[in-house]
1. Could you check, for region 96-107, whether at least one of its residues is out of contact with any helix residue (DSSP H, G or I) (no Cβ under 8 Å at 6 or more places or on another chain), without any contact (Cβ under 8 Å) to a residue 60 or more places away in the chain and over 21 Å from residue 186 (Cβ atoms)?
2. Hey, can you tell me all the residues within region 33-44 that are surrounded by 14 or more Cβ atoms within 10 Å (Cβ to Cβ) and assigned to a helix (DSSP H, G or I)?
3. Going through region 15-32 one residue at a time, which ones are surrounded by fewer than 18 Cβ atoms within 10 Å (Cβ to Cβ), touching a residue at least 12 places away in the same chain (Cβ under 8 Å) and assigned to a helix (DSSP H, G or I)?
4. Considering region 125-140 alone, what residues qualify as being over 13 Å from residue 221 (Cα atoms) and touching a helix residue (DSSP H, G or I) at 6+ places or on another chain (Cβ under 9 Å)?
5. Name every residue in region 51-79 that is surrounded by 19 or more Cβ atoms within 10 Å (Cβ to Cβ) and not in a strand (DSSP E or B), in order of residue number.
6. Taking interchain pairs and intrachain pairs at least six residues apart, which have beta carbon atoms under 8 angstrom, with the first residue in region 135-159 and surrounded by fewer than 12 Cβ atoms within 10 Å (Cβ to Cβ) and the second modelled with pLDDT of 95 or more?
7. Residues of region 123-134 being without any contact (Cβ under 8 Å) to a residue 12 or more places away in the chain and surrounded by 14 or more Cβ atoms within 10 Å (Cβ to Cβ), which ones?
8. Would you confirm whether or not region 155-176 contains a residue that is assigned to a strand (DSSP E or B), touching a strand residue (DSSP E or B) at 6+ places or on another chain (Cβ under 9 Å) and at pLDDT 90 or above?
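The values are calculated or read from the model by the stated rules, or taken from the named source; none is laboratory data. Please read all numbers here as calculations on a predicted model, not as lab measurements. Virtual Cβ from ideal backbone geometry, glycine too; neighbours counted across all protein chains shown.
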């Protein structure tokens, strides 16, 4: 009765379609969940995300969970995560992806999961790093330790959303720095972001991480936006 009363005051609606959720549903209704546009890129050594980095940076695997389309369900989910303070949703999506990745021979054997860092100014405004929350879900589901200490964003950059490919590269050039890198010698790390579009942010991070002796890198994101 208490749950029903609270539902009247604080209705639970699907983030993707807006319809009411049943008690057993969390954040996204079953219908929307089953119809989210999975890429299954993690099953392909060569895929569109991997192609972004081919010849530019060495990766063991590059993959995104979902395909981003304007006004689609994934855009609504990402909007809720980034702009509506729904960090629990980011963790949940990470757990969903972990279920698919458990049998992946590359990701399942990784040593650390590392989220792309957020500048302290933006962190203070938002209150959390959406990539880190997604990484927490992956870490919990895959039983791989999360590390947030090796990469730091030293410069504040403007949003990438409306920038051209060249402007995106220019916007993230030399904005990150390495800290406490000795722990990651000869380790396989999974670099995690929310959305991959041109790959500029990921590549900037990889260029630093690859300064670490013997490191191997994989890349994962919630979504891939095909430009």
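1. Yes.
2. The answer is 33, 41, 42.
3. 31
4. Initial filter on region 125-140 (over 13 Å from residue 221 (Cα atoms)): 125-129, 139-140.
If the condition is that a residue be over 13 Å from residue 221 (Cα atoms) and touching a helix residue (DSSP H, G or I) at 6+ places or on another chain (Cβ under 9 Å), then 126, 127, 128, 129, 139, 140 are the ones that fit.
5. If we filter region 51-79 for residues that are surrounded by 19 or more Cβ atoms within 10 Å (Cβ to Cβ), which is where we start, we get 52, 57, 59, 61-66, 68, 73-74, 77-78.
Correct list: 52, 57, 59, 61, 68, 73, 74, 77, 78.
6. If the second residue must be modelled with pLDDT of 95 or more, the pairs left are 145/111; 145/112; 145/113; 145/139.
7. First, the residues of region 123-134 that are without any contact (Cβ under 8 Å) to a residue 12 or more places away in the chain: 123-125.
If the condition is that a residue be without any contact (Cβ under 8 Å) to a residue 12 or more places away in the chain and surrounded by 14 or more Cβ atoms within 10 Å (Cβ to Cβ), then 123 is the only one that fits.
8. Residues of region 155-176 that are assigned to a strand (DSSP E or B), as a first pass: 176.
Still in the list and also touching a strand residue (DSSP E or B) at 6+ places or on another chain (Cβ under 9 Å): 176.
Cutting the leftovers down to at pLDDT 90 or above gives us none.
Checking region 155-176: not a single residue is assigned to a strand (DSSP E or B), touching a strand residue (DSSP E or B) at 6+ places or on another chain (Cβ under 9 Å) and at pLDDT 90 or above.
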